[in-house]
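The values are calculated or read from the model by the stated rules, or taken from the named source; none is laboratory data. Here the structure is a predicted model, which is why all the values come from computation and not from measurement. Glycine also receives a Cβ, built like all others from the backbone with ideal geometry; neighbour counts cover every protein chain displayed. Side chains are part of the model used for accessible areas, which takes the heavy atoms of the whole protein and leaves out ligands, DNA and RNA. Shrake-Rupley method; radii C 1.70, N 1.55, O 1.52, S 1.80 Å.
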Amino acid sequence: GESVGLHLPTLSVQEGDNSIINCAYSNSASDYFIWYKQESGKGPQFIIDIRSNMDKRQGQRVTVLLNKTVKHLSLQIAATQPGDSAVYFCAEAPWAGGTSYGKLTFGQGTILTVHP
Amino acid sequence: NAGVMQNPRHLVRRRGQEARLRCSPMKGHSHVYWYRQLPEEGLKFMVYLQKENIIDESGMPKERFSAEFPKEGPSILRIQQVVRGDSAAYFCASSPPPGTGEQYFGPGTRLTVT
């Protein structure tokens with residue numbers, strides 16, 4: 001069956017460093033990918049998304065890279081700050097026709113800790 | 001524009017009681033999704049609803065769980081005869097038509113079954 005998983009469960013970095021969080025997916029039919037940030041006691045917060053017809057997308061301090069050949073997704077955070085400390089999840093959604101996507105399948109999550 | 005709202009934030013139920021979790025989507029959003037998160041795990045899809053319709057309930061347990069999204073009012077996730085294994089955080093997300101992947105999550109309801 002389809003699954004979305006992460007290579008590293010924890011990542012510790014120093015403030016100001018760049019962070020890279022990785023995600024592997026197994027469903028080659030996956031069409032849409034999202035990164036979420038979840039702080040303790042809160043709901044997931046949307047960070048950035050990418051569709052399968054792209055291989056890179058940039059936001060403010062964040063970049064998502066998609067490698068469909070090896071079914072790998074990564075989130076790069078530039079100049080990581082203590083406020084970036086959280087659990088990061090990748091999620092995948094299938095194409096549901098038109099411009100619609102369906103349910104999200106989440107990975108296990110990576111705990112990012114940023115040390116001042 | 002208020003975000004997705006869920007209540008209660010914390011709910012304690014004894015085994016065998018019923019739990020009702022409410023979700024009000026963002027204004028203008030007509031698609032609602034429910035997810036369950038166990039400690040130290042990712043979110044697991046439960047059900048996807050539009051107003052008065054269940055679109056996908058492939059993640060819902062066959063017994064004791066039900067969900068609705070009426071024409072008026074919030075979406076309700078109902079768990080009958082709760083058991084300890086139902087203890088988890090339940091998150092609701094909403095998205096605008098036509099149901100894009102960009103889903104906005106509420107703060108969650110943390111259910112504890114004693």
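Sort out which residues of segment A:19-39 are in a loop (DSSP other than H, G, I, E, B), farther than 14 Å from B:L43 by Cα and not aliphatic (A, V, I, L, M), and write them in order of number.
Listed by number, the residues that qualify are A:S26, A:N27, A:S28, A:S30, A:D31.
Can you work out which of the residues in segment B:59-86 that are more than 14 Å from the chain's Cα centre (by Cα) and among the acidic types (D, E) is surrounded by the fewest Cβ atoms within 10 Å (Cβ to Cβ)?
Per the stated criteria, the residue is B:E72.
For (1) surrounded by 15 or more Cβ atoms within 10 Å (Cβ to Cβ); (2) more than 15 Å from A:T105 (Cα to Cα); (3) modelled with pLDDT of 90 or more, each residue gets a yes or a no:
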| residue | (1), (2), (3) |
| --- | --- |
| B:V4 | yes, yes, yes |
| B:R20 | no, yes, yes |
| B:S30 | yes, yes, no |
| B:Y35 | yes, no, yes |
| B:E40 | no, yes, no |
| B:G101 | yes, no, no |
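Mind checking which residues of segment A:14-44 are open to solvent by 20 Å² or more (accessible area, probe 1.4 Å) and at pLDDT 95 or above?
A:Q14, A:E15, A:G16, A:D17, A:N18, A:I20, A:K37
Of the residues B:P107, B:P97, only one is in contact (Cβ under 8 Å) with a residue 24 or more places away in the chain, open to solvent by 10 Å² or more (accessible area, probe 1.4 Å), in contact with a Lys or Arg (Cβ under 7 Å, 6 or more places away or on another chain) and within 29 Å of A:I48 (Cβ to Cβ); which?
The match here is B:P107.
Please work out which one of (1) at pLDDT 95 or above; (2) within 11 Å of chain A (Cβ to nearest Cβ); (3) buried (at least 16 other Cβ atoms within 10 Å of the Cβ) is the condition B:R9 fails and give its number.
Every listed condition holds for B:R9 apart from (3).
Looking at (1) surrounded by fewer than 21 Cβ atoms within 10 Å (Cβ to Cβ); (2) in a loop (DSSP other than H, G, I, E, B); (3) hydrophobic (A, V, I, L, M, F, W, C), find the lone condition where B:I55 falls short.
(2)
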